[in-house]
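A.B. asks: Questions regarding the structure given below will be posed in turn.
Any read-out appearing in this document is the output of simple, stated calculations on the displayed coordinates, not a laboratory observation. The shown structure was predicted, so the numbers you read here are calculated from the model rather than taken from an experiment. Cβ: placed from backbone, ideal geometry, glycine included. Neighbour counts: every protein chain shown.
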Amino acid sequence: MRVNEPRLPTHPQESLLPIVGPDQIDDVIERLRAGGIVAIPTDTVYGLACLPTHEGALGALADLKGRERDQPIAALIDSVADIIEFLEVSDALDRYVPFWPGALTVVVRARPGGLLPPVVTTEGTVGVRKPDDRIARMVIRGCGGVLAVTSANRHGKPPCTSAEAVAAEFGPALVVLDGGSRDGGVASTVVDTSGAAPRVLREGPITAADLGIEE
């Protein structure tokens, strides 16, 4: 079964679902590298993913989600080494490496010069995270080490925590890589390090105290 083919129903009343398994990772990577959008599992919830350097894909991702195109999208990485070329300061993430892989997004200054499209580098910053999910990182690695990923949901709705939920939400046009249920998934903690002192923008599984940040 190719990645662009929906899974056939096993019951007459089951809807056609564009869900593929981990054995189709190479096809998923090929679709992403060609500028497509794919839903992938992460360690928190399912996400909508595309190449961070493909402005057309980034715009299509925002449209699919139903939100403004200028809202920031996080960069998920396989290794810190993969994101250094996009950062203003090469060691900006060093303090947070002990919390990765895990549910922590770190906002850092992006390198000037347009290496990443504005939607990824909103106000000159980029949010970076290394997910604690083997399947997600295999996809990220296959796409060059960095993917733009936002939670898989229509704007204003809760994030999807299963491949079936993503398929039901977005329909047959979106390919979904099934990594199992993410029930109970909590969105990552977000810490902004772009100013004079780090500050927590959203507290998730990792607390300000864990990070040594006074609120």
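A.B. asks: Counting Lys +1, Arg +1, Asp -1, Glu -1, what net charge surrounds SER181 among other residues with beta carbon under 14 Å of its beta carbon?
C.D. replies: -4
A.B. asks: With +1 on each Lys and Arg Cβ and -1 on each Asp and Glu Cβ, how big is the dipole of the range 32-117 about its Cα centre, in debye rounded to the nearest 20?
C.D. replies: Working: 7 positive and 11 negative charges, 37 e Å.
For the range 32-117, the charge dipole is close to 180 debye.
A.B. asks: Please arrange LEU177, LEU201, LEU211 by how many other C-beta atoms lie within 10 Å of their C-beta, fewest to most.
C.D. replies: Listed from fewest to most nearby Cβ atoms, that is LEU201, LEU211, LEU177.
A.B. asks: Under 5 Å between amide H atoms, partner at least 5 residues away or on a different chain: which partners does VAL107 have, H built in plane at 1.01 Å?
C.D. replies: Placed amide hydrogens put VAL128, VAL191, ASP192, THR193 under 5 Å from VAL107.
A.B. asks: Also: Only bridges with both residues in the chain count here: give the DSSP antiparallel percent, nearest 5.
C.D. replies: Values: 21 of 31 bridges.
The answer is about 70 percent antiparallel.
A.B. asks: Continuing with the same structure: Could you list which residues have their amide H under 5 Å from that of ALA152, counting only those 5 or more apart in sequence or on another chain, with H placed in the peptide plane?
C.D. replies: Under 5 Å from the amide H of ALA152: TYR46, GLY47, LEU48, CYS160.
A.B. asks: While we're on this one: For the chain, with the dipole built from +1 on Lys and Arg beta-carbon atoms and -1 on Asp and Glu ones, taken about the Cα centre, which of ALA81, GLY59, VAL38 lies farthest toward the positive end?
C.D. replies: GLY59
A.B. asks: Follow-up question, since we're still on this one. Per residue of the chain, what 222 nm ellipticity follows from adding -39500 (n - 2.57) for every DSSP H run with n ≥ 4, rounded to the nearest 500?
C.D. replies: On the way: 5 runs with 41 residues, N = 215.
When only DSSP H runs of four or more count, the value is -5000 deg cm²/dmol.
A.B. asks: I would also like to ask the following. Give the angle, between 0 and 90 degrees and rounded to the nearest 10, that separates the Cα long axis of helix 55-65 from the longest principal axis of the Cα atoms of the chain.
C.D. replies: Rounded to the nearest ten degrees, it is 70.
A.B. asks: Let's see if you can work this out: charge +1 on each Lys and Arg Cβ, -1 on each Asp and Glu Cβ, no other charges. What is the dipole magnitude of the range 19-206 about its Cα centre, in debye to the nearest 20?
C.D. replies: On the way: 18 positive and 24 negative charges, 65 e Å.
In debye, rounded to 20, the range 19-206 gives about 320.
A.B. asks: Could you grab the relative contact order for the chain? Cα pairs under 8 Å, six or more apart, rounded to a whole percent.
C.D. replies: Values: 466 pairs, mean separation 60.5, N = 215.
Relative contact order comes out at 28 percent.
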